[in-house]
1. What's the number of the only condition in (1) within 30 Å of R141 (Cα to Cα); (2) among the basic types (K, R); (3) modelled with pLDDT under 90 that R94 fails to meet?
2. For the range 125-140, what are the residues that are touching a residue at least 60 places away in the same chain (Cβ under 8 Å) and not basic (K, R)?
3. Does the range 120-131 contain any residue that is crowded, with 17+ Cβ neighbours inside 10 Å, at pLDDT 90 or above and in the same structural domain as L59 (by TED's automatic domain parsing)?
4. I'm trying to understand the selection: among the residues of the range 83-135, which are in contact with a Leu (Cβ under 9 Å, 6 or more places away or on another chain), more than 30 Å from E64 (Cα to Cα) and of a type in the set (G, A, S)?
5. State yes or no: is S97 of a type in the set (G, A, S) and either without any contact (Cβ under 8 Å) to a residue 40 or more places away in the chain or surrounded by 15 or more Cβ atoms within 10 Å (Cβ to Cβ) (or both)?
6. I'm trying to understand the selection: among the residues of the range 43-67, which are surrounded by 11 or more Cβ atoms within 10 Å (Cβ to Cβ), modelled with pLDDT of 90 or more and among the charged types (D, E, K, R)?
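The values are calculated or read from the model by the stated rules, or taken from the named source; none is laboratory data. For clarity, every value in this text was computed on a predicted model and none was experimentally measured. Cβ sites come from the backbone with ideal geometry, for glycine too, and all protein chains shown count toward neighbours.
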Amino acid sequence: MKGSFFNNIGLKLLALLLAMATWIYVVIELQQGATEEKEVLQSILPPYRFVSKKLPVKLNLAGEPMKGYYVAYDKISIKPAEFLIVGPKSIISRMSSVETQPIDISGYSKTFMTDVSVLTPTKAIIKEKFITVTIPILKERE
């Protein structure tokens, strides 16, 4: 048993050195990747102080549904309903919501679902660019 530890000691030391070299390489690559990401963000959003803020989505509807129908605003579904936005403090601190591109509901007479893009201010970043909206259009009661 005592002799088995020292068997092939050269190969065991070589394996240990290769494992350590691999570990050092991975650590250096991970640090370099983080540095590159930070440099990219700083090139997009130069020397401002970065902040992040979770904001609700503000739906932008245009037009009117078909005569005799209405939008049930309290039943509108927005997914996701909030966005995490990152950007200069001077811009993000003034924002209270993230607005969508206009959705034209002219002539609709039934509930529909659509994907719509979200408007972001210049020099700000959000992870997702689209949301899914379900707009319930109901017939007016007489």
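1. (1)
2. Selection gives I125, I131, V133, I135, P136, I137, L138, E140.
3. yes
4. Answer for the range 83-135, where residues must be in contact with a Leu (Cβ under 9 Å, 6 or more places away or on another chain), more than 30 Å from E64 (Cα to Cα) and of a type in the set (G, A, S): G87, A124.
5. For S97, the condition - of a type in the set (G, A, S) and either without any contact (Cβ under 8 Å) to a residue 40 or more places away in the chain or surrounded by 15 or more Cβ atoms within 10 Å (Cβ to Cβ) (or both) - is not met.
6. If the condition is that a residue be surrounded by 11 or more Cβ atoms within 10 Å (Cβ to Cβ), modelled with pLDDT of 90 or more and among the charged types (D, E, K, R), then K58, E64 are the ones that fit.
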